[in-house]
Amino acid sequence: MKQRIHASQFLRQTVDYIVLTAAFLLTRQYIAAKGDVFLSHFNIFLLAVSLVTWTITGTSLHLYDDYQKTTSFAIEFVVILKNVLLHVCLFSFLFFYCFKLYPYARTFTLLYGGYLFTGIITTKYIVKKLLLRWRAHHTNPTNVLIVGTGQTGMNFYDTITANNHFGYNCVGFVDDHSNAQINGRYLGKLSELTHILESNEIDDVIVALPETAKEQTAGIIIASERAAKRVKIIADVHQYYTPTTSMNLLGNIPLVNIRSFALDDPGHQRMKRAFDICLTLFVLIAFSWLFILIAILIKMTSKGPVLFKQERWGLKNKKITCYKFRSMKVQASEMDENGKFMQATRDDQRVTNIGRFLRKTNLDELPQCINVLMGNMSFVGPRPHATPLHIEARETVEHYMLRQMVKPGITGWAQVNGCRGETRFSGQMQKRVDLDIWYIENYSFWLDCQIIFQTLMNMIKGDKNAY
């Protein structure tokens, strides 16, 4: 789903840049035909200003939101008009205050604005129609499970069935009562929801129950989030609002998204991925000598492989293989005599001498740069947990599985705030999860930079909870 939004947004931005350049060149050609040569000294500057400001204002005015899918062209028309007017105002300001001697300034501004408005409106409309047609026939839809076979659920089903360009496919219905109109799509009762979520490829859970079914709705949200599924409710559900709750319209059906994350935005995803790749390559190149030195020290001080591989859980609750420098003895067991997972403890006898230093300074995490380049981890994000701890926490810690809606990280907000290491006492894991969710809801590029800086400071001064 996100890849489709990413591609359509990139296409629309590229078309806009082409139109901006074409409008500029046409205006320049007209001015040049009148005998003006002044423009030749400033055309590159003015074009660069145009492209940059269009990107900034377009993003600020939500010009590149996914208008193609669920809204009419009239809404996008208003945003385009605002953007063009801002452009005209900007060039009027530049000519009036910076280029007072510029000939034909008024002609340039008006002509450029006219070309730009006409070109953007035309191409936006054409691209919208082409994308809708392409989406209807060539894209994999979002699989949704509708909870509720009443009138609300059937209205939603009829809406997505009649508008396949919305990009939704109904996997089936769940309710305590079936309905003859659902054409064999009845999957089971509400009590079977967890099993149904695990047995089917489902992206979103659409709750279409009456407002009086508050207790049932609460159970559906808990079960769905525990299965790492997004929940959208067709109802007025103020009692379930979170700080990031959002609502949008699908046709004339209001959908309430219980939690909205900054990394749902494809632009943020691209920025974070680019940052991850650049930073990881820098670390691998600049500190390749450190990787070699650590590997040699591990081989010299204990028997066994240099790298330790462990099954952990990542984005959308998918298994990943997490790489670390080995810091424990090879024969060390992860389970105690009762079959319970043993977390690393202070003065743990399983940890080697060099391993103690690596864990204290976080250097044992460096091989996870491999995971970042592979794309199953990010530099900053919720720390992934070993399978036994993961299975235990998802059943006992509130909102734990929301962490699985983003890629896990080498370091994270919880870690730099002291929530790392062993979780022996009640509430320690909950505090860690609460900090992780806060990071997911408040992600920004600068927050990632802050976390990385704090991680470096902790590596230098040492962390009392790192052992």
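Values in this text are rule-based calculations from the coordinates and carry no lab data. All figures in this text were calculated on a predicted structure; none of them were measured in a lab. Cβ placement follows ideal geometry from the backbone for every residue including glycine, while neighbour counts extend to all protein chains displayed.
Determine the alpha carbon to alpha carbon distance for each of Lys303/Lys324; Lys82/Lys232; Lys229/Lys360 and list only those over 25 Å.
Pairs exceeding 25 Å: Lys82/Lys232; Lys229/Lys360.
Sticking with the crude label model, points 7 Å out along Cα→Cβ, report the distance from Ile296 to Ala180 in nm, one decimal please.
Taking the two extended label points, one gets 8.1 nm.
Amide H neighbours of Cys170 under 5 Å, counting only residues 5+ apart in sequence or on other chains, H built in-plane at 1.01 Å?
Val144
Work out from phi, with θ = phi - 60° and the Karplus expression 6.51 cos²θ - 1.76 cosθ + 1.60, the ³J(HN,Hα) of each residue of the range 368-380, listed in order in whole Hz, and give x for Gly and Pro.
Karplus-based 3J(HN,Hα) across the range 368-380 equals 6, 4, 4, 4, 5, 5, 6, x, 9, 9, 10, 5, 10 Hz.
Per residue Cα convex hull volume for the range 245-323, in cubic angstrom?
126
Share of Cα-Cα pairs in the range 345-404 beyond 19 Å, in percent?
Value for the range 345-404: 50 percent of Cα pairs lie more than 19 Å apart.
Given H placed on each backbone N at 1.01 Å, which residues far from Leu307 in sequence or on other chains put an amide H within less than 5 Å of it?
When sequence neighbours closer than 5 places are left aside, the close amide H contacts are Arg326.
5 Å is the cut-off here: which amide hydrogens, built 1.01 Å from N in the peptide plane, fall below it relative to Thr244, excluding neighbours closer than 5 in sequence?
Ser260
Please turn the phi angles of the range 189-195 into ³J(HN,Hα) values with the Karplus equation 6.51 cos²θ - 1.76 cosθ + 1.60 (θ = phi - 60°), one per residue in order, whole Hz, x for glycine and proline.
So the Karplus estimates, Gly and Pro as x, are 8, 4, 5, 9, 4, 4, 5 Hz.
What nm value, rounded to one decimal, do you get for the distance between Lys214 and Cys278 when each label is placed 7 Å out toward the C-beta?
Calculated label separation equals 4.9 nm.
Under 19 Å from the 7 Å Cα→Cβ point of Ser288, by amide nitrogen: which residues of the range 357-385?
Counting only backbone N, you get 366-374.
Among Leu197, Gly219, Tyr186, which residue has its Cα positioned farthest towards the positive end of the charge dipole of the range 181-223, with +1 placed on the Cβ of Lys and Arg, -1 on the Cβ of Asp and Glu, and the dipole taken about the Cα centre?
Of the listed residues, the answer is Tyr186.
Report ³J(HN,Hα) in whole Hz for each residue of the range 391-404, in order, from the Karplus equation J = 6.51 cos²θ - 1.76 cosθ + 1.60 where θ = phi - 60°; Gly and Pro get x.
In residue order, the calculated couplings are 5, 5, 5, 5, 8, 10, 9, 5, 6, 4, 6, 5, 4, 7 Hz.
Could you tell me whether the range 376-460 comes out rounded, prolate or oblate from its Cα gyration tensor? Rule is a ≥ b ≥ c as square roots of the eigenvalues, rounded for a/c under 1.5, then prolate if a/b exceeds b/c, otherwise oblate.
It comes out prolate by the Cα gyration axes.
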